[in-house]
Amino acid sequence: MTSGREKAYAYLKETVLTDPAMSGEFLSEQEIADRIGVSRTPIREALLLLAAEDLVQLVPKRGARVAALSGREITELMELRGLVERYAAEHAIGSGRAPLKELGDLLDRQRGLTGPDQAREFIAVDHLFHATLVSAVGNSLLERHYDGLRSRQVRAGVVALYSGHGRQEAVLQEHRAILDALTAGDSGAARAAIDSHLESTLKVLLAG
């Protein structure tokens, strides 16, 4: 059975911290408690966990504020993603376990989410596309490590969609290039496609 703290942690990390509009905002413990049906104690406990991950900042006499993503943090996020995703692509190709059908299905799903009000769902599927590739490695520690980037990744991704004109179509093309390289079993092309995708996202974010 899920505890109140676990429920609060999951809600904050998956819903609140992925919302770009919440960046730099203070959180109301009571409002969140009312929204998910728990007391304020598990909310405080969840916020302490999130503060340890540098996802929120605890300000004396003010409460918890959603940590803004700095240019440096965005750059480091993309660097870390690149390390993990390039390794995952090489491993998937080398082991013959590239999840081609799953990635193709996710890409098709993304194509149907190009409306202006579907940005968060589009980026949630974007994360799932990359996480599915990482999962193919079969390393549970690596998978959990990568999943820990999710709230930052989704928030940054939504900002990139709103900041860059035509970014959704570009993402679809970049994902297609990654999938084509995996299908061809070309590790060099897969690494290059992943780098190009992450570099394009980084440029949009830093320019915005």
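Inter-label distance, residue 80 to residue 54: 0.7 nm, where each label sits 7 Å from its Cα along the C-beta direction. Could you tell me how far the Cα centroid of the range 81-124 sits from the Cα centroid of the range 143-208, in Å? Between the Cα centres of the range 143-208 and the range 81-124 lies a distance of 9 Å. In the chain, excluding the sites themselves, the longest stretch lacking any of the GluC sites (Glu not before Pro) that are in a DSSP loop with at most 15 other Cβ atoms within 10 Å is 54-208.
Listed by chain and number, the aspartates and glutamates placed with their C-alpha closer than 13 angstrom to that of residue 7 are 34, 45; residues fewer than eight positions away on the same chain are left out. When you restrict to C-alpha pairs under 8 Å that are six or more residues apart and normalise by the size of the chain, the relative contact order lands at 23 percent.
Each of 192, 48, 77 was scored by the projection of its Cα onto the charge dipole of the chain, and the greatest displacement toward the positive side belongs to 48; charges sit on the C-beta of Lys, Arg, Asp and Glu. Helix 119-135 and the longest principal axis of the Cα set of the chain meet at an angle near 60°. For the chain, the longest principal axis of the Cα atoms and the long axis of helix 167-184 meet at an angle of about 50 degrees.
Starting from the Cα gyration tensor of the range 4-66, take the square roots of the eigenvalues, sort them a ≥ b ≥ c, and report rounded, prolate or oblate (rounded when a/c is under 1.5, otherwise prolate if a/b is larger than b/c, else oblate). Could you put the intermediate results ahead of the total?
Working: a/c = 1.38, a/b = 1.22, b/c = 1.13.
Rounded.
Within the same chain, aspartates and glutamates fewer than 8 places from residue 203 are excluded, and of the rest, those with a Cα less than 17 Å from its Cα are 73, 76, 79, 169, 174, 195.
Work out the FRET efficiency for residue 199 and residue 140 from their Cβ-Cβ distance, taking R0 = 45 Å, and round it to the nearest 0.05. Let's see the in-between values first.
Values: r = 29 Å, r/R0 = 0.64.
Result of the calculation: an efficiency of 0.95.
Against the chain, whose longest principal axis is taken from its Cα atoms, helix 71-95 shows a tilt of about 50°.
Which whole-number percent is the relative contact order of the range 109-208 (Cα, under 8 Å, 6+ apart)?
25 percent
The Cβ shell under 13 Å around residue 101 holds other residues with a net charge of -1, Lys and Arg each +1, Asp and Glu each -1. A simple charge model with +1 on the Cβ of Lys and Arg, -1 on the Cβ of Asp and Glu and nothing else charged puts the dipole of the chain at about 460 debye relative to its Cα centre.
Every number here is computed from the coordinates shown, using simple stated rules; none is lab data. Note that the coordinates shown come from a computational prediction; the quantities given were computed from them, not determined experimentally. FYI the Cβ positions are ideal-geometry reconstructions off the backbone, even for glycines, and counts take in every protein chain you see.
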